[in-house]
Amino acid sequence: MKIRTDFGLLWQSVKQMGAEERDFSFEVSSREEMDIDIELERGVEIALDDLESTGGLLSYKGRQVLLYIPDHGSWVQSVIDGKNQGNRFHVGDCTKLDEMRQKGKFDRYTVTTDLSGVFRISGQSNVSSHIEHDAELKVCKLCLRMLNYRGYDTGPLAKKVIFEEFSISDFFATYSTQFRFLPKQLLDRRSGYSDEWAEISRRYRESRSWICECCGIDLAGNKNLLHCHHVSGNKRDNRDDNLMALCADCHSKQPDHEKMYVRKSEMTEIQRLRRRQGILDVLPGWDAVLEYIDSAYEGVARKIMKTSRSLPAVGEDIENSKGEIVLTPELSWPAQRFAIVDNEEQLDTLTQVGWRAMTMEQVLKS
Ligand SMILES: [Zn+2]
Ligand SMILES: [Zn+2]
Ligand SMILES: [Zn+2]
């Protein structure tokens, strides 16, 4: 049983108190839910039907997962020896998965949230004994293309670079707003700052008037969304020169920040404030759009910019006839009353107020 707690009211009072960075915005998990996370880290065998697609990504029980086939048959030894690359692991609902579904193959599929890139594989050796061993596997290129990950299919980075530099934790962080739960390994890594750091961080951010030094958002009313970043990456160097006040979004987009996860609710709040403060009013071109949007939308935006010259509005509120906000899509074209949304449910919401919309997945697969 899952305990879902509405933190909304609690949050409001926390904000009024001017509280600092915290770590409790993620969903509270019951024992059973935690067991799922532990199991998923080790790998869970599933049927393809149990897999869901969220924005073209693979999802299992609300978590983002990787999928692979452990069985490598007679070539298992050559994969373990590194002479062969082995089965690709999937990160999206690519055409290969479609093919496997249609064939109704009886392969054994494993999903996992392990971020190491090392997978448990199996097969038969020459002397026909069963082997199980850990091996590094590579990501499926069809998945990268379908998701247009970092612009895989549309540039500007070379496909080879995106493929070779692929990092699972980076990938998961890119889409953190699309899932209710974070991989356990990432949550574990988030703690560990000293009390002293809390005070240094608070003092520094206060000295910058609670304004993000990258996008300029004023977070005096939402101090928890402003972080203190170490420019050199050295967390012990707390001199002012090495510190930067960054909003959660700008912070997560810094190099080597794959453990920085941004929640949907946090991203929505950041976009709303940026819009109210006029930061998103005049984005001069697609490059600026790409800079400000939720990273989960980069692949979609890069696909659209190939064909469309008309710039989207970022984080614009859509209201119903009573003037109530029904949705704040990441990308919308208010003049055309068209938006791109996370899922079918949001699509229905917009249809009801006379807008047209497409889901992220529909755009990616079209
Ligand atoms: Zn794939
Ligand atoms: Zn910022
Ligand atoms: Zn940082």
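Bear in mind these aren't lab numbers, they're just calculated from the coordinates by the rules spelled out. It should be emphasised that the depicted structure is a prediction, and the values quoted were computed from it without experimental measurement. As a convention, Cβ positions derive from the backbone with ideal geometry for all residues, glycine included, and neighbour counts pool all protein chains shown.
Odds and ends about this structure:
- Residue-by-residue Karplus 3J(HN,Hα) for region 92-97, coefficients 6.51, -1.76, 1.60, Hz, glycine and proline x: x, 7, 7, 5, 5, 5
- Filter on LYS159/LYS235; LYS160/LYS264; LYS160/LYS303; LYS160/LYS365; LYS96/LYS303 - keep pairs with C-alpha separation over 28 Å: LYS159/LYS235; LYS160/LYS264
- Subtracting the Cα-Cα distance of GLU344 and SER209 from 0.36 nm times their residue separation leaves 44.6 nm of extension gain.
- Cα gyration tensor category, rounded, prolate or oblate, for region 284-366 with a/c compared to 1.5: prolate
- Over the residues of the chain, the helix contribution to mean residue ellipticity at 222 nm works out to -9000 deg cm²/dmol, using -39500 (n - 2.57) for each DSSP H run of at least 4.
- Other-chain or far-sequence residues with amide H under 5 Å of ALA357's (modelled H): ALA339
- Annotation: amide H of VAL139 within the under-5 Å range of PHE89, sequence separation 5 or more or interchain, hydrogens built in the peptide plane.
- Relative contact order (%) - region 282-336, alpha-carbon pairs under 8 angstrom, separation at least six: 29 percent
- The relative contact order of region 83-162 comes to 35 percent, based on Cα pairs under 8 Å that sit 6 or more residues apart.
- Additional length obtainable on full extension of the chain from ALA198 to ASP35, 0.36 nm per residue less Cα span: 55.5 nm
- For region 136-151, putting each phi into the Karplus relation 6.51 cos²θ - 1.76 cosθ + 1.60 with θ = phi - 60° gives couplings of 7, 10, 9, 6, 6, 6, 5, 5, 4, 5, 4, 7, 6, 4, 6, x Hz, in residue order, rounded to whole numbers and with x for Gly and Pro.
- ASN242/ALA220 FRET efficiency (R0 25 Å; Cβ-Cβ; nearest 0.05): 0.60
- For region 354-366, backbone phi angles converted through the Karplus equation (6.51, -1.76, 1.60; θ = phi - 60°) give residue-by-residue couplings of x, 9, 9, 8, 10, 7, 3, 5, 4, 5, 5, 8, 7 Hz, Gly and Pro being listed as x.
- The value of relative contact order for the chain, using C-alpha pairs under 8 Å at least six residues apart, is 15 percent.
- Remark on ILE217: its backbone amide H falls under 5 Å from those of CYS212, a criterion applied only to residues 5 or more positions apart or on other chains, H modelled at 1.01 Å from N.
- Peptides 359-365, 38-44, 321-327, 222-228 ranked from most to least packed give 222-228, 359-365, 38-44, 321-327, packing being the mean of other C-beta atoms within 10 angstrom over each peptide's residues.
- Shape call, region 22-174: gyration tensor on alpha carbons, a/c limit 1.5: oblate
- Computed E for ASN320/ASN126 - FRET, C-beta separation, R0 51 angstrom, nearest 0.05: 0.15
- Global geometry of the chain, whether rounded, prolate or oblate, following the gyration tensor of its Cα atoms and the 1.5 cut on a/c: prolate
- Inter-label distance for ASP50 and ASP98, nm, one decimal - labels placed 7 Å from Cα along Cα-to-Cβ: 2.5 nm
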